[in-house]
Amino acid sequence: MAVAASTGSVPRFEVGDGYAVFRGATTDGPLHRHAGCSPPRPGGLGHPELWIAELVRGRSAPEYLLRNYHGFMTSMTSVRAEPDLSFLLDRTSHVLRTRMAAALAEIGLTARMHCVLVHALEEERTQAQLAAIGDMDKTTMVVTVDALEKAGLAVRRASTTDRRARIIAVTDAGREAAERSRRIVDGVHNAALESLPVTEREILVRALRTLAEGHLAEAVEAPSAVRRARQ
């Protein structure tokens, strides 16, 4: 077990394999369930970055310690000179999806079920074509179509133009569900836009469309890491 000495108000701690025990710290912090004794709240610690840095130097810190203690991690965050576009897009997209999911759940649909219904109504499309439109893998698409069939909203049947191909056909009940889901989706989108000043709504949509059709139109796959051969 590695031991780091305390400095000033920084608590003394001992580090073992996969765990950490803090000495001279209070027991009312968010990590007491992990470490048995947690450091005091950020406001009274003085220099949290000092003991975290020492912990990392002495031995790899337990991942849950650095990941879960948000107060200390926030205090260590540097001020960014540039806007964090990834965070802004990810965060707003995530929240929008949760609101969409909650709204569609009220009529028994998921966002994927809505996507399949509305695009299957546009023209005859195979399961593979609809999966590509909805950015779904084969397994997810099968589960989604199974759910639509079970609910009586869609059926798999042979194409009218190619008997070898099977398409997803929307039933009358599915058509009604799609109309309702369209209104719900439009409502969620409009609520988000209406939260902005009128002059900024069109600017936001135009900027996002420009990115989606231009610089961010195609995803890029990161190269796989080359593994070192065993000696």
Report task. Distance from a point 7 Å along Cα→Cβ of residue 93 to each backbone N in segment 183-223: keep the residues under 13 Å and list them by number. Result -> 208-209, 211-213, 216-220
Query raised in the report: Got a number for carbon plus sulfur as a percent of segment 134-231's accessible area, 1.4 Å probe?
Result: 52
Query raised in the report: Between residue 128 and residue 82, what FRET efficiency comes out of the Förster formula 1/(1 + (r/R0)^6) with R0 = 35 Å and r the beta carbon distance, rounded to 0.05?
Result: 0.30
Report summary line: Taking the alpha-carbon centre of each part, the distance from segment 115-133 to segment 157-193 in Å is 8
Query raised in the report: Residue separation times 0.36 nm, minus the C-alpha to C-alpha distance between residue 210 and residue 140: what's the value?
Result: 22.3 nm
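The values are calculated or read from the model by the stated rules, or taken from the named source; none is laboratory data. Source: prediction; values computed, not measured. Positions of Cβ are backbone-derived with ideal geometry, glycine not excepted, and every protein chain shown enters the neighbour counts. Remember, those area values only see protein heavy atoms, side chains included, never the ligands or the DNA or RNA. Shrake-Rupley method; radii C 1.70, N 1.55, O 1.52, S 1.80 Å.
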